[in-house]
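For reference, the structure is listed below as C-alpha cells.
The values are calculated or read from the model by the stated rules, or taken from the named source; none is laboratory data. The shown structure was predicted, so the numbers you read here are calculated from the model rather than taken from an experiment. Quick reminder, even Gly has a Cβ in these numbers, built from the backbone with ideal geometry, and neighbours come from all protein chains shown.
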Amino acid sequence: MISVRRFLVMFENLPIDKSSVKTGQNSHEVIAACRCVNVGLFISGDLRRDVIVSLAVGVEEDLRIISFPGDSLRRVSPDERSISFFLLKAFEKSQALDVGETFAMDNGIEVTRSPLEQLLKLWGSEAIRVPSENPERFILDVNLSADRKEFNP
C-alpha cells in the first residue's frame, strides 16, 4: 500500500477569470496556487502518484476545495497556463455546489464545498500538523473534537 501525502494550501480569495487565464495575466494568488500544484505534483520530473495537492478558498466555515490527486489526474501538465485553466474550471464548478457536496471532474480533479473542520474529519485525521508563524515553534498540533478545534502550541 502506498502512503499518500496531502498538501492543503488555503486562500481567502482566488481572483481568477477566463480573461486573465487566457492572456496569462493571472493574479498573484493564482500564480501561487499553480506553483503549489506544480511543485507538489511535478517537480520530480514525472507526475507523483502518491501526492494530493488541495487548494481551499474562502473562510473556514465555507471552503471551496479543489484537489489535484496524482493517482487519478489526467490531461494536466506542469505549466501555469494548463493548471490555471483547470483551476478556473474547477473553481467555477465549486460555485454551484452546496455545502457538503463533492464533484469529480473528468480529468480527475475533485471539487468539494465544506467547512474546514468537516473536511479534516472527512480526510480521516484526528491530529493535523500545522505550520506556526513563530519560527521557534514550527509546528502546532490541531486536535479535532466533536464540538470544537483545539490548537495546542
Note: among ILE65, ILE52, just one is more than 11 Å from ILE16 (Cβ to Cβ), buried (at least 20 other Cβ atoms within 10 Å of the Cβ) and in contact with a Leu (Cβ under 7 Å, 6 or more places away or on another chain), namely ILE65
For LEU47, are the conditions met, namely being modelled with pLDDT under 85 and either in contact with a Leu (Cβ under 9 Å, 6 or more places away or on another chain) or not in a loop (DSSP other than H, G, I, E, B) (or both)? yes
Within the stretch 128-153, restricting to residues that are part of a strand (DSSP E or B) and at pLDDT 50 or above, the one that is surrounded by the fewest Cβ atoms within 10 Å (Cβ to Cβ) is PRO131
Only unsatisfied item for LEU122, checking (1) at pLDDT below 90; (2) in contact with a helix residue (DSSP H, G or I) (Cβ under 9 Å, 6 or more places away or on another chain); (3) surrounded by 13 or more Cβ atoms within 10 Å (Cβ to Cβ), is (2)
For the structure I just gave you, tell me whether ILE65 is out of contact with any Phe, Trp or Tyr (no Cβ under 9 Å at 6 or more places or on another chain) and within 27 Å of GLN118 (Cα to Cα). yes
So, LEU88, is that one buried (at least 17 other Cβ atoms within 10 Å of the Cβ), modelled with pLDDT of 95 or more and over 15 Å from MET10 (Cα atoms) or not?
yes
#### Entry: Residue in the stretch 99-112 that is at pLDDT below 55, part of a loop (DSSP other than H, G, I, E, B) and charged (D, E, K, R) present
no
